[in-house]
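See structure below.
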Amino acid sequence: MPENNLQLPKTAFSMKANLPSKEPKILETWEKTKLYEKLRKKSVGKEKFVLHDGPPYANGHIHMGTALNKILKDIVTKFHQMNNKDSIYVPGWDCHGLPIEWKIEEEYKKKKKNKDEIPTKNFRKECREFAEKWIGIHKKEFKRLGVIGDWENYYSTMSFDAEAQIVRELGKFLLEGSLYRGFKPVLWSTVEKTALADAEVEYKDHKSNTIYAEFQIKKTDKDFLKNSSIIIWTTTPWTIPANKALAFNKDINYSILDLKSKKIIIAEKLINSVVENCGLGKFEILKSFKGDMFRNTICSHPFKNLGYTFDVPMLEANFVTLDQGTGIVHCAPSHGPDDFNLCLKNGMKAIETVNDDGRYTKNIPVFEGTHVFKADEIIIKNLQEQKMLLGSGSLLHSYPHSWRSKAPLVHRATPQWFISMESHKLRKKALDSIDKTVFFPDKGKERIRAMIETRPDWCISRQRSWGVPLPIFVSKKTKEPLRDSEVIENIAKIYEKEGSDCWFHDDPQRFLGKKHKKEDYIKSTDIVEVWFDSGSTHSFVLEKRKDLKWPASMYLEGSDQHRGWFHSSLLESCGTRGRAPFESILSHGFVVDGKGMKMSKSAGNIISPEDILKKYGADILRLWVASSDYSEDLRIDHYILEQHAESYRKIRNTFRYILGNLKDDFVPKDFKIINYNDLPELEKLILHKLYILNKNIKNNLKNYNFHKLQKKSFKFLCFRFILFLF
């Protein structure tokens, strides 16, 4: 057969993709041709779709979680751009806060430098330079993933404009009266020496000492309670010196047990566990009664012989349950929200029992200066000596830790600045806004709603150096914060010109202006928590930029941000504008290994985006994102990546085959419309399947079900390819 009669597909489209080497050239072309700017010019006047970027932290190379997040955002913004909208993406970074401070302090320790001896101005300068360095690195890493955005005009929470606007946002809460100074228990890191927000806390297994301690009944109007001891159980023996009360539940049945040597009182349903755990042996139940009979009962503190001679009243509380312990809870109002509220309700105020670095204060006789994490053994020993220890042991349980230092936390009552959830109906406004927000997936709505319904007042102060200083002056005379809009605006304008560093070293009179005298006020030394920073981004990004819109069309982050950025943005915006700064929320799961296990260095199962890009290229990583159900945790390992690489090859070769068939005999200008009835049955079948596919694609795009879209498209492509072979 003559060679020129052999009809083989011909195309310049290569069989091998060589993505790791070709993709950088494609990205370079995008930059040279100013693709993003062209898209903006082409989209002028069209409906805007604005996905507001949740700011990643500028303190290290991107990992698979950040890669997933940025790629998913890019898929969403490109879809809307192709759907005839003006889809704008402005990337941003979170720059203040503990993670960066921690990195700088680590460098100090290596050089044997004492942070406290470094001027605040110099320390903050190093933090700023550190953040700037990582923003530059992140930009390169995100671009390499194929993400298109306004990279030259990004936002950061440490820009002067941002710091100024954060002051104005805080000022709104201050001026209306919902920002107040309170003394409450907050989660405290004795390592970082600061309060932490819920989003800065992780829960890990922790082995705690447990004790059953005795509180002898001192006064009671019930004869049968006399000469008995109340038994409590706690996993924090170090809080015993801070005890001020005991809590009972009026609806629980309690029993008096005669142990021959003493009489003790515990919940009826917990008798067996207490007897077993304490090795009590034989006992006799003398009487059982309802908890309501405890009213007007006063106990003695276990350390009454060590100077703790105050009364310990028994108070009714519905938070007392039969899950563990004895059915009676010891209350240390300085170290627990429930304890604090119960004691305050009954006229007992919390006092400072532990200082910044975790040591007992002078308000704790005998034990002053002892670190709480070393106090358990000392407390247990003293309880034994006072014959007030019924039993002891240990318990492995979930316990709050700092996500940065990994150290366990304590609840500690300290003076902090709070935004009230109730005074100006912030909780109600937030809940109403949640009901008006569209969630992808739906389960995100109930998750954040449950958090808002039960959350306490928002603690927005931190005792650190790297952040926006709280723009607050407290009157020496009234102890109240100065509420003056002119002062707030004056501070904001100063920050706009030179940033917030000046707060730490300039004359306070400069910020107060001419209306007030600096001698009459105390200037705050606290900074704003970083979640307020990021929660305010809508005000200095969406509202300030003319190319964007407020509220945003969508916020898109990991599911942990229901208690993080989604949460703080919702509260900040509802408090200042009465509604959420977003119309919809899309949340995704975490990246885990192929077996569903959390990635960690110790497990050796970490896969970095850089490694994937070198071996496969960004398109394979993007295909993995598009093919995965982001509503759950996303699995990835080299086997999974090989499967996606194989899928990519099939897609590429299918298109190559189609292009090869079109090379010689396809002339667009000669194309003629063929009547549907004249088509062969096979072509009608393909058109029908294409119609169904198109309908499914539109529906899945509308609901952001990219994994379903990819699966159906891939099946159709493979089916079409098979038909081409016949």
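Taking the Cα centre of the range 331-482 as origin and charging only Cβ (+1 Lys, Arg; -1 Asp, Glu), how large is the dipole, in debye to the nearest 20?
Here the size comes out at about 480 debye.
Please list the non-local residues whose amide H lies under 5 Å from the amide H of Val592, H modeled 1.01 Å from N, same-chain partners needing a gap of 5 or more.
Under 5 Å from the amide H of Val592 lie the amide H atoms of Leu634, Arg635, Ile636, each far enough along the sequence or on another chain.
For the range 533-655, report the translational diffusion coefficient in µm²/s to the nearest whole number, using Stokes-Einstein at 20 °C, 1.002 mPa s, and a Kirkwood Rh over Cα pairs.
126 µm²/s
In whole Å, what is the distance between the alpha-carbon centres of the range 281-332 and the range 527-547?
Distance between centres, Cα-based: 49 Å.
Can you tell me what share of the DSSP beta bridges in the range 467-587 is antiparallel? A percent to the nearest 5 is fine.
55 percent
May I have the convex hull volume per residue, in Å³, for the Cα set of the range 131-182?
131 Å³
For Ile692 paired with Ile658, estimate the spin-label separation in nm (one decimal), with each label point 7 Å from Cα along the Cα-to-Cβ line.
About 1.8 nm, to one decimal.
Excluding residues fewer than 8 places away in the same chain, name every one of the lysines whose C-alpha is closer than 19 Å to that of Lys349.
Lys184, Lys244, Lys362, Lys479
Fully extended, how many nm does the chain gain between Met82 and Glu176 (0.36 nm per residue separation, minus their Cα-Cα distance)?
My answer for the length gained is 29.4 nm.
So how much slack lies between Asp223 and Ala603, counting 0.36 nm per residue of separation and subtracting their Cα-Cα distance, in nm?
Full-extension gain reported as 130.7 nm.
Assuming a ≥ b ≥ c are the square roots of the Cα gyration tensor eigenvalues, decide whether the range 391-473 counts as rounded (a/c under 1.5), prolate (otherwise, with a/b larger than b/c) or oblate.
In terms of gyration-tensor shape, oblate.
So what does log10 I(q)/I(0) come out to for the range 453-552 at q = 0.10, 0.20, 0.22 Å⁻¹, using the Debye formula with one equal point on every Cα and no solvent?
Listed by q, the Debye log ratios stand at -0.34, -1.13, -1.25.
Wrap a convex hull around the Cα atoms of the range 572-636, take a quarter of its surface area, and give that in square nanometres.
6.8 nm²
Per DSSP H run of n ≥ 4, the term is -39500 (n - 2.57); total these for the chain, divide by its residue number, and report the mean residue ellipticity at 222 nm rounded to 500 deg cm²/dmol.
Value at 222 nm, helices only, nearest 500: -11500 deg cm²/dmol.
At a probe radius of 1.4 Å, what is the per-residue accessible area of Ile118, in Å² to the nearest 10?
Solvent-accessible area, nearest 10 Å²: 40 Å².
Across all directions of projection, what mean area in square nanometres is found for the Cα convex hull of the range 142-285?
Average of the hull's projected areas for the range 142-285 equals 17.7 nm².
Looking at the chain, what % of its DSSP beta bridges pair antiparallel, to the nearest 5?
Details: 63 of 86 bridges.
Among the beta bridges of the chain, antiparallel pairing accounts for roughly 75 percent.
So if the hydrodynamic radius of the chain is defined as the Kirkwood radius over C-alpha pairs, what does Stokes-Einstein give as its diffusion coefficient at 10 °C and 1.306 mPa s, in µm² per second?
Approximately 53 µm²/s, per Stokes-Einstein.
Under the 0.36 nm per residue contour assumption, what length would be gained going from the current alpha-carbon distance of Lys193 and Lys110 to full extension?
Fully extending the segment from Lys193 to Lys110 adds 27.9 nm.
Of Asp442, Asp611, Asp526, which has the most accessible area and how do the rest follow, probe 1.4 Å? Write out the running numbers ahead of the final one.
Numbers: Asp442 125, Asp611 85, Asp526 20 Å².
These residues rank, largest area first, as Asp442, Asp611, Asp526.
Going through the range 165-204, which trypsin sites (Lys or Arg not before Pro) have at most 16 other Cβ atoms within 10 Å and a DSSP loop state?
Passing both the DSSP loop test and the Cβ count: Lys193.
Just how large is the dipole of the range 60-130 about the Cα centre, in debye to the nearest 20, putting +1 at every Lys and Arg Cβ and -1 at every Asp and Glu Cβ?
So the dipole magnitude of the range 60-130 works out to roughly 160 debye.
Taking Rh as the Kirkwood radius computed over C-alpha pairs, what is the Stokes-Einstein D of the range 171-221 at 10 °C in a medium of viscosity 1.306 mPa s, expressed in µm² per second?
98 µm²/s
Per residue, how much accessible area does the chain show when a 1.4 Å probe rolls over the protein heavy atoms, in square angstrom?
Per residue, the chain has an accessible area of 49 Å².
Modelling each spin label as a point 7 Å along the Cα-to-Cβ direction, I'd like the Lys207/Glu276 distance in nm, to one decimal.
About 2.2 nm, to one decimal.
Just need the relative contact order of the chain here, percent rounded to a whole number, with Cα pairs under 8 Å and 6+ apart.
18 percent
Net charge around Ala618, counting only other residues with Cβ within less than 9 Å of its Cβ (Lys, Arg = +1; Asp, Glu = -1)?
0
Show the residues, 5+ positions off or on another chain, whose built amide H is closer than 5 Å to the amide H of Lys218.
For Lys218, the qualifying residues are Ile298, Cys299, Ser300.
Hey, any idea what % of the range 427-568's accessible area is carbon plus sulfur with a 1.4 Å probe?
So the carbon and sulfur contribution to the accessible surface is 51 percent.
Let a ≥ b ≥ c be the square roots of the eigenvalues of the Cα gyration tensor of the range 381-520; is it rounded (a/c under 1.5), or, if not, prolate (a/b larger than b/c) or oblate?
Since a/c reaches 1.5 but b/c is at least a/b, the shape of the range 381-520 is classed as oblate.
So, by mean Cβ neighbours within 10 angstrom, what's the order for 155-167, 694-706 with the highest one leading?
The densest-packed peptide leads the list: 155-167, 694-706.
Using a 1.4 Å probe on the protein heavy atoms only, what accessible surface does Ser423 show? Give it in Å² to the nearest 10.
That residue has around 70 Å² of solvent-accessible surface.
Quick check on packing: order 406-413, 378-385 by the mean number of other C-beta atoms within 10 Å, highest mean leading.
For the peptides 406-413, 378-385, the packing ranking is 406-413, 378-385.
Helix 565-577 sits at what angle to the longest principal axis of the chain, using alpha carbons and giving 0 to 90 degrees rounded to 10?
Rounded to the nearest ten degrees, it is 80.
Quick check: pseudo-label points 7 Å beyond the Cα along Cα→Cβ at Lys260 and Glu152, how many nm apart are they?
Here the answer is 9.0 nm between the modelled labels.
Between Ala195, Asn705, Pro55, whose Cα lies farthest towards the positive end of the dipole of the chain when Lys and Arg beta carbons carry +1 and Asp and Glu beta carbons carry -1, centred on the Cα centre?
Checked the options; the winner is Asn705.
So what J values fall out for the range 260-266 if you push phi through Karplus, 6.51 cos²θ - 1.76 cosθ + 1.60 with θ = phi - 60°, rounded to Hz, Gly and Pro as x?
Per-residue couplings from phi come out as 6, 7, 6, 10, 10, 10, 9 Hz.
Rounded to the nearest 10 Å², what accessible area does Met15 show when all protein chains are kept and the probe is 1.4 Å?
120 Å²
Just flag the GluC sites (Glu not before Pro) in the range 21-96 sitting in loop per DSSP whose Cβ has no more than 15 other Cβ atoms within 10 Å.
Values: sites: Glu28, Glu31, Glu37, Glu47; in loops: Glu47.
Answer by residue number: Glu47.
What do you get for trypsin sites (Lys or Arg not before Pro) in the range 470-503 restricted to DSSP loop and a cutoff of at most 10 other Cβ within 10 Å of the site's Cβ?
Sparse-neighbourhood loop trypsin sites (Lys or Arg not before Pro): Lys476, Lys477, Lys479.
Once the Cα atoms of helix 98-110 and of the chain are each reduced to a long axis, what angle between those two axes, in degrees from 0 to 90 to the nearest 10, is obtained?
Value to nearest ten degrees: 80.
Starting at the first residue of the range 78-84, write each ³J(HN,Hα) from the Karplus equation 6.51 cos²θ - 1.76 cosθ + 1.60 with θ = phi - 60°, in whole Hz, x for Gly and Pro.
Once θ is set to phi - 60°, the couplings for the range 78-84 become 5, 4, 5, 5, 6, 8, 6 Hz.
Using a Förster distance of 35 Å, how high is the FRET efficiency between Phe160 and Lys425, based on the Cβ-Cβ distance and rounded to 0.05?
Efficiency computed from Cβ-Cβ geometry: 0.60.
Give me a comma-separated list of calculated 3J(HN,Hα) values for the range 197-213, in order, Karplus coefficients 6.51, -1.76, 1.60 applied at θ = phi - 60°, integers in Hz, x for any Gly or Pro.
7, 4, 6, 9, 10, 10, 9, 10, 5, 9, 8, 10, 6, 10, 9, 10, 10
Shape call for the range 24-82 from the C-alpha gyration tensor, a ≥ b ≥ c root eigenvalues: rounded (a/c under 1.5), prolate (a/b greater than b/c) or oblate?
Details: a/c = 2.29, a/b = 1.38, b/c = 1.66.
Oblate, since a/c reaches 1.5 and b/c is not below a/b.
At each listed q (0.19, 0.28 Å⁻¹), what is the log10 of I(q)/I(0) that the Debye formula gives for the range 103-152 modelled as equal alpha-carbon point scatterers?
Each listed q maps to, in turn, -0.69, -1.04.
So, by mean Cβ neighbours within 10 angstrom, what's the order for 598-604, 66-72 with the highest one leading?
Per-residue Cβ counts within 10 Å, averaged per peptide and sorted highest first, yield 66-72, 598-604.
By accessible area of protein heavy atoms, probe 1.4 Å, what ranking do His138, His424 get, highest first?
His424, His138
Evaluate Rg over Rh across the range 515-577, taking Cα atoms for both radii and Kirkwood's formula for Rh.
Using only Cα positions, Rg/Rh for the range 515-577 is 1.14.
The values are calculated or read from the model by the stated rules, or taken from the named source; none is laboratory data. Model, not experiment: these values are computed from the prediction. Here the Cβ is made from the backbone with ideal geometry for all residues, glycine too, and neighbour counts use every protein chain on show. Just the protein is used for accessible areas: all its heavy atoms, side chains included, with ligands, DNA and RNA removed. Shrake-Rupley method; radii C 1.70, N 1.55, O 1.52, S 1.80 Å.
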